[in-house]
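First up is the structure itself, then whatever we jot down about it.
The values are calculated or read from the model by the stated rules, or taken from the named source; none is laboratory data. As the structure is a prediction and not an experimental result, all values here were calculated from the model. Cβ atoms come from the backbone with ideal geometry, glycine included; neighbour counts cover every protein chain shown.
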Amino acid sequence: MQILHLSSEMTWRGGEQQIAWLIRELNVLTHRSHVFCPKDSVLGNYCINNEIPVTQYKKGTGISLPASRKYARLCRSIQPDIVHIHDSNSQTTSLIAWHIWGIKLPLVLSRRVDFPIATNIFSAWKYNHRSICKIICVSKAIDAIVRPKIRQKEKIVIIHDGIDVDRFPPHPTRRLRDLIKVDDQTTILGNVAALVDHKDHSTFIKVASLISVQNPEAKFVIIGEDLGQKKMLQNLATSLDLSDKIYFLGFRKDIPDLIGDMNVFLFTSKTEGLGSALMDAMAAGLPIVATNAGGIGEIVEHQKSGWIADVGSIEGLAQGVRYVLDNPKKVQNWIASGKAMAQNYSACKMASSTLEVYQNVLDSFKND
């Protein structure tokens, strides 16, 4: 089977990692993938470096007829069996090609964000277009957002994101502690998420301020690409006298070797499709303290595999951190439960479930 993946993102975040895992596992299952993405995007460069067939286009603002035309030419050239769309802008590109250039291929759409679908006529038309054969939601929470907007409910399926559970070393590497120059006794609270508003690092920093009162030697690490929030967050840290305790490490490729050094994984998102970073942390053996945003509650169970607090609840999150630090023996059960849960979210399982969707779509498409 030949699958064409469409992504319009320039940066590398959870969605792009999922595309990479999916392509890798599909290749193992002897199915070929081709990627259509913007020129100079991180995903495009990843494909080049990993010898994944890729076609790139110049990304502009708004609806791009040139991008859609290039996509149409690519479809005629490689003749994919199915097109997997990984974001809303790419969906628009494919629909333009459907109507203007007659590229009538079966489309599968992934929905990972828990932002509401717009209520305008264009969005209603777009998400209910006859070309969309299946909509893959990454969690029950996303399903609940998407389902009311879709007329043919049978098109919606839930497939949780996957992770590579084998990429985490069995023991801490000390790489993070060496990087920030602290000893083994220092408590480290960490977070892995791009610096964007909905990840709510402001709450992370405010929780850090509360924890520092009782644990003045604690350090706080934020790993993630700055997408416009870093300066504001640094100013907030300074105003709370935390500038020498919070480390902004930016985008890192060695996360599996870093997060094992953390004592607590503190995840403060306001909205979240599922939270693959949480699954990484669980696989790495970290106790979780997180908000109940989006699909997080589907992978972290309160006081069984982590601590869940309300979105924006600084005191609730701080209470969870204190519980973790004060109850190391009880928290070992959380860690064991988290590791077991992470095993259920393998990239292999995610790809196998996605492949089943592809096959069902192709069978239905041929019958039509």
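Just one of the numbered conditions (1) within 18 Å of Y358 (Cβ to Cβ); (2) under 23 Å from the mean Cα position of the chain (by Cα); (3) surrounded by fewer than 18 Cβ atoms within 10 Å (Cβ to Cβ) is not true of K155: (3). Looking at region 199-214, is at least one residue under 23 Å from W21 (Cβ atoms), part of a loop (DSSP other than H, G, I, E, B) and under 21 Å from the mean Cα position of the chain (by Cα)? Within region 199-214, none of the residues are under 23 Å from W21 (Cβ atoms), part of a loop (DSSP other than H, G, I, E, B) and under 21 Å from the mean Cα position of the chain (by Cα).
Taking region 34-61 as the range and being crowded, with 16+ Cβ neighbours inside 10 Å and within 21 Å of D166 (Cβ to Cβ) as the test, the residues that pass are Y46, I52. Within region 347-368, the set of residues being surrounded by fewer than 20 Cβ atoms within 10 Å (Cβ to Cβ) and not hydrophobic (A, V, I, L, M, F, W, C) comprises K349, S352, S353, E356, Q359, N360, D363, S364, K366, N367, D368.
Return yes or no: is R167 touching a residue at least 60 places away in the same chain (Cβ under 8 Å) and more than 21 Å from Q18 (Cα to Cα)? The answer is no for R167. The residue that is farthest from I246 (Cα to Cα), among those in region 194-206 that are touching a Lys or Arg at 6+ places or on another chain (Cβ under 6 Å) and surrounded by fewer than 23 Cβ atoms within 10 Å (Cβ to Cβ), is H198. Across region 170-182, the number of residues qualifying as in a loop (DSSP other than H, G, I, E, B), touching a helix residue (DSSP H, G or I) at 6+ places or on another chain (Cβ under 7 Å) and either among the aliphatic types (A, V, I, L, M) or under 15 Å from Q17 (Cβ atoms) (or both) comes to 0. Under the condition of being farther than 17 Å from S352 by Cβ and among the aliphatic types (A, V, I, L, M), the residues counted in region 1-20 number 3.
If I ask for residues that are crowded, with 17+ Cβ neighbours inside 10 Å and of a type in the set (D, E, K, R), which ones from region 73-115 would you list?
Result: D81, D87, R111, R112, D114.
For region 46-70, the tally of residues that are outside any helix (DSSP H, G or I) and farther than 22 Å from L355 by Cα stands at 10. Comparison of V182, V192, V157 shows that the only residue that is in the same structural domain as K140 (by TED's automatic domain parsing) and either more than 23 Å from R24 (Cβ to Cβ) or touching a residue at least 60 places away in the same chain (Cβ under 8 Å) (or both) is V157. Listed by position, the helices (runs of 4 or more DSSP H) contained in region 71-156 that have at least 1 residues being among the basic types (K, R) are 121-127, 140-146. In the set I222, I296, I246, I205, only one residue is aliphatic (A, V, I, L, M), under 22 Å from G320 (Cβ atoms) and touching a Gly at 6+ places or on another chain (Cβ under 6 Å); that residue is I296.
Here are G297, G338, G275: which of them is buried (at least 23 other Cβ atoms within 10 Å of the Cβ) and more than 17 Å from A193 (Cβ to Cβ)? Exactly one residue qualifies, and that residue is G338. What residue, among those in region 19-33 that are in contact with a strand residue (DSSP E or B) (Cβ under 8 Å, 6 or more places away or on another chain) and assigned to a helix (DSSP H, G or I), is surrounded by the most Cβ atoms within 10 Å (Cβ to Cβ)? That would be I19.
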